[in-house]
Amino acid sequence: MILVSACLLGHNVKYNGGNNANELLQKYNARGRFVAVCPECFAMLPVPRPPMEIQGGNGKKLLAGKATAMDKNGMDTTAYLLAGARKLLKIAEAYHAKVAILKDGSPSCGVHGVYDGTFCGRKVKGVGVTTALLQKHGLTVYSEKDITIGRLETLLAEDLHRDRI
């Protein structure tokens, strides 16, 4: 199975109550090889909720205890992001997932960049905390920006092959 950010599959779990529906991923979801995931929902954060950003680094630093996460109202959300990442890792292990396709920019799911912690719309290079944890445990993580029809066909074929072994 391939883990996919629920917001990319059209689920209204985004901080503002919306989604980031990705037409290609929604089309391929019909094949039944995706598991919709949202670490922030797994952490029992409400929808909608104030936006959150990592301050002092990215998800790797947050995972190492060298950065924190705050929401726009000033509430420390570090423990929530860590709890959501750990729950998603347990799901990955339960499904024997090797690949995840996550929403770039998110403090949880960012793959190439996350917001810089100032709530000014600026991004910095780095990963979200869930991506960092999954990568630490050997999963390959792509963002929706990395996905093409060819890559998706390859990932699905590899996933199906793993299930048959």
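Okay, here's what the table says:
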item	result
Rounded accessible area of GLU23 (nearest 10 Å², 1.4 Å probe)	150 Å²
Label-point gap, in nm, between ARG151 and CYS120 - each point 7 angstrom along Cα→Cβ	3.0 nm
Cysteines not pairable in the chain (beta carbon separation under 4.7 Å absent)	CYS7, CYS109, CYS120
Sulfur and carbon atoms: percent of accessible area, segment 86-151 [1.4 Å]	54 percent
Per-peptide average of other Cβ atoms within 10 Å, ordering 95-101, 154-160 highest first	95-101, 154-160
Inter-label distance, nm, simple model (7 Å from Cα along the C-beta direction), LYS136/HIS112	2.5 nm
Potential extension, ALA64-ARG162 segment - 0.36 nm per residue separation minus Cα distance	32.1 nm
Antiparallel DSSP beta bridges within the chain, percent to nearest 5	40 percent
Heavy-atom accessible area order for ILE91, ILE149, ILE2, largest first, 1.4 Å probe	ILE149, ILE91, ILE2
Reachable lysines, given that their alpha-carbon falls under 23 Å from the alpha-carbon of LYS90 and they are not under 8 places away in the same chain	LYS14, LYS60, LYS61, LYS98, LYS103, LYS136
Computed [θ] at 222 nm, helices only, for the chain once each DSSP H run of length n ≥ 4 contributes -39500 (n - 2.57)	-10000 deg cm²/dmol
Dipole in debye (nearest 20) - the chain, about Cα centre, beta carbon charges: Lys, Arg +1; Asp, Glu -1	220 debye
Descending principal axes extents, segment 1-52, alpha-carbon based, whole Å	33, 19, 13
Label point distance in nm, TYR95-MET75, each placed 7 Å from Cα along Cα→Cβ	2.8 nm
Cβ-defined net charge surrounding LEU156, 10 Å radius [Lys, Arg +1; Asp, Glu -1]	0
Shape box of the chain [Cα atoms, principal axes, largest first, Å]	47, 29, 27
Helix axis angle, 149-164 relative to the chain longest principal axis, alpha carbon, degrees	70 degrees
Charge context of GLY110, other residues only, Cβ under 10 angstrom, K/R +1, D/E -1	+2
For segment 63-149, the Rg and Dmax computed from alpha carbons only, in angstrom	13.1, 41
Radius of gyration and Dmax over the Cα atoms of segment 12-106, both given in Å	14.2, 42
For LYS72, net neighbour charge (Lys/Arg +1, Asp/Glu -1) across residues whose Cβ lies under 15 Å away	-2
Heavy-atom accessible area per residue - the chain, 1.4 Å, Å²	49 Å²
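The values are calculated or read from the model by the stated rules, or taken from the named source; none is laboratory data. The structure presented is a predicted model; accordingly, all values stated were derived computationally and were not measured. Using ideal geometry, Cβ is built from the backbone for each residue, glycine included, and neighbour counts are taken over all protein chains shown. Areas reflect the complete protein model, heavy atoms only, side chains present, ligands, DNA and RNA absent. Shrake-Rupley method; radii C 1.70, N 1.55, O 1.52, S 1.80 Å.
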